Amino acid sequence: MIRSMTGYGRFEDLINGRMTVFEIKSVNHRFFELQCRLPKGYGFLEEKIRGLVSGYISRGKVDVYVSVEADENIAADVRINHSLAAGYVNALRELRDTYDLKDDISVSVLSRYSDIFTVSKAPESEETLTEVVMQAGEKALADFILMREREGEKLAKDVMEHSKTIIDLVSEIEVRSPITVEEYRNKLYERLREVLDDTTIDPQRILTEAAIFADKTAVNEETVRLRSHFSQLENMLSQSVPVGRKLDFIVQEMNREANTIGSKVCDAELAHKVVAIKAEIEKIREQIQNIE
């Protein structure tokens, strides 16, 4: 099953006592590009996340956001900056004496000045944190891939609908093209009859001119190649590996064949069908830009 390059996945839950959030989203891009937003001090996880994500994604601009709450069971060391605390106390006393204020300096008052305190915790195990984030990442990626596959299924269905329209138009061209040769032969005969009046018209000359016209306007080779391209397209859309770049090449070849047919046809009805084919090919091209 093909996948879209657009997707979103999120996991948020407790893992090993830590509230963990792993969010991933992506949009279409020519190559694989990953940007991680990690908590301060978690930079060591970036390469591990890159390895995890690249195992699931080959193309797309991907953004990953990770948040992990600290383990509450880790002991904290709280230290007091006594010189700073003394400075606050002296300043408060000066305010009291200068403005004859009530003396209500207390611990609760000083506790409001957070810069007096320095809180530090023992560093957490990188191995433990890696395990927590990788677990969350696997679960977020499961939702992410599921969304990509659902979007890819819709894209494939739409592409095949446009393909069917093109194949129908190609069939109409294959039916109409030989008829234009016969119409050309009849018109040529009428023109020569008008010009030459009663003079005998050489049938061989008519046949030769019609043959030259048929050779110049023959599009059977191009229509056969178009059908082959669409057969390849259908086959690729059923694969489970990334095929976006190959599809892009196939669509270029389709457009090339359509342009060649357009340059050969000398009939208004056929010309309109070629324009319709090119319009459908453009719709396919727009859709495959989103396929991984």
If Arg285 passes every condition in (1) under 28 Å from Glu151 (Cα atoms); (2) charged (D, E, K, R); (3) at pLDDT below 90 but one, which one does it miss?
(3)
Looking at (1) within 14 Å of Val133 (Cβ to Cβ); (2) β-branched (Val, Ile, Thr); (3) modelled with pLDDT under 95, which is the only condition Ile24 fails?
(3)
Among (1) within 14 Å of Ile291 (Cβ to Cβ); (2) surrounded by 15 or more Cβ atoms within 10 Å (Cβ to Cβ), where does Val241 come up short?
(2)
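Results for (1) loosely packed, with under 14 Cβ neighbours inside 10 Å; (2) modelled with pLDDT under 65, shown as yes or no for each residue.
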site	(1), (2)
Lys164	yes, no
Ile167	no, no
Glu174	no, no
Pro178	yes, no
Arg193	yes, yes
Pro203	yes, no
Lys216	yes, yes
Glu221	yes, no
Arg227	no, no
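Results for (1) within 17 Å of Ser171 (Cα to Cα); (2) at pLDDT 90 or above; (3) in contact with a Ser or Thr (Cβ under 6 Å, 6 or more places away or on another chain), shown as yes or no for each residue.
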| site | (1), (2), (3) |
| --- | --- |
| Pro242 | no, no, yes |
| Gln252 | no, yes, no |
| Ser263 | no, no, no |
| Asn290 | no, yes, yes |
Out of the strands (runs of 3 or more DSSP E) lying entirely within the stretch 53-143, which hold 2 or more residues that are at pLDDT below 90?
76-80, 117-121
Boolean, Phe144 is in the same structural domain as Glu23 (by TED's automatic domain parsing) and among the aromatic types (Phe, Trp, Tyr)
yes
Would you please name the residue that is nearest to Asn290 (Cα to Cα), looking only at residues in the stretch 8-43 that are crowded, with 17+ Cβ neighbours inside 10 Å and among the polar types (S, T, N, Q)?
Ser26
Test for Val159: is it outside the structural domain of Leu45 (by TED's automatic domain parsing), modelled with pLDDT of 90 or more and part of a helix (DSSP H, G or I):
yes
Restricting to the stretch 6-51, name every residue that is basic (Lys, Arg) and outside any loop (DSSP other than H, G, I, E, B).
Arg10, Arg18, Lys25, Arg37, Lys48, Arg50
Suppose the filter is hydroxyl-bearing (Ser, Thr, Tyr) and surrounded by 13 or more Cβ atoms within 10 Å (Cβ to Cβ); does Ser125 pass it?
no
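The values are calculated or read from the model by the stated rules, or taken from the named source; none is laboratory data. Predicted model only: the values in this text are computed from it and were never measured. Cβ sites come from the backbone with ideal geometry, for glycine too, and all protein chains shown count toward neighbours.
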